[in-house]
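Below is one structure; the comments refer to it alone.
The values are calculated or read from the model by the stated rules, or taken from the named source; none is laboratory data. Just so it is clear, the model here is predicted, and its values are computed rather than measured. When we count neighbours, we look across all protein chains shown, and the Cβ atoms used for this are built from the backbone with ideal geometry, even at glycine. Accessible surface areas use protein heavy atoms only, side chains included; no ligands, DNA or RNA. Shrake-Rupley method; radii C 1.70, N 1.55, O 1.52, S 1.80 Å.
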Amino acid sequence: MKSEITANATAQGFTVNEIGLVKKDDRELSGFANLSKDIEGYGVITVTWSCSATMSREEAQYIWKCQP
């Protein structure tokens, strides 16, 4: 999960500062991703995205999303 979130954020030009995920139950994770990005004319901004993931019943695969 963390590597997928990192790859996605990095592809969007963000630097990943921290990712925190906790297990809500056997199939769900929730947490956050703290990211920063250097925006020309503004400097470095820091944002925190809310993240969640659900594991498929059939496969050991998570469906995840992070959003501001």
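Under the condition of being over 13 Å from residue 68 (Cβ atoms), of a type in the set (Gly, Ala, Ser) and open to solvent by less than 80 Å² (accessible area, probe 1.4 Å), the residues counted in segment 8-38 number 5.
Output the number of residues of segment 39-55 satisfying the condition of being of a type outside the set (A, V, I, L, M), open to solvent by 60 Å² or more (accessible area, probe 1.4 Å) and modelled with pLDDT of 95 or more.
First, the residues of segment 39-55 that are of a type outside the set (A, V, I, L, M): 40-43, 46, 48-52, 54.
Remaining after also requiring open to solvent by 60 Å² or more (accessible area, probe 1.4 Å): 40-42, 46, 48, 50.
Subsequent filtering for residues that are modelled with pLDDT of 95 or more retains 46, 48, 50.
Number of matching residues: 3.
Would you confirm whether any residue within segment 34-42 is within 15 Å of residue 55 (Cα to Cα) and in contact with a strand residue (DSSP E or B) (Cβ under 9 Å, 6 or more places away or on another chain)? No, segment 34-42 contains no residue that is within 15 Å of residue 55 (Cα to Cα) and in contact with a strand residue (DSSP E or B) (Cβ under 9 Å, 6 or more places away or on another chain). The residue pairs whose first member lies in segment 1-15 and is closer than 11 Å to residue 36 by Cα, whose second member is open to solvent by less than 50 Å² (accessible area, probe 1.4 Å), and whose beta carbons are closer than 6 Å, counting only pairs six or more residues apart or on different chains, are 9/16; 9/35; 14/35; 15/36. Scanning segment 38-61 for residues that are in contact with a Ser or Thr (Cβ under 7 Å, 6 or more places away or on another chain) and not hydrophobic (A, V, I, L, M, F, W, C) yields a count of 2.
Say we look at segment 24-68 and pick out the residues that are among the β-branched types (Val, Ile, Thr) and within 17 Å of the chain's Cα centre (by Cα); which of these is farthest from residue 9 (Cα to Cα)?
Quick first cut of segment 24-68, residues among the β-branched types (Val, Ile, Thr) only: 39, 44-48, 54, 63.
Restricting the remaining residues to those that are within 17 Å of the chain's Cα centre (by Cα) gives 45-48, 54, 63.
On the way: 45: 14, 46: 13, 47: 11, 48: 11, 54: 19, 63: 16 Å.
By that ranking, first place goes to 54.
In the set (1) touching a Leu at 6+ places or on another chain (Cβ under 6 Å); (2) part of a strand (DSSP E or B), the condition left unmet by residue 9 is number (2).
For segment 12-68, a residue qualifies if it is part of a loop (DSSP other than H, G, I, E, B) and among the hydrophobic types (A, V, I, L, M, F, W, C), and the qualifying residues are 14, 60.
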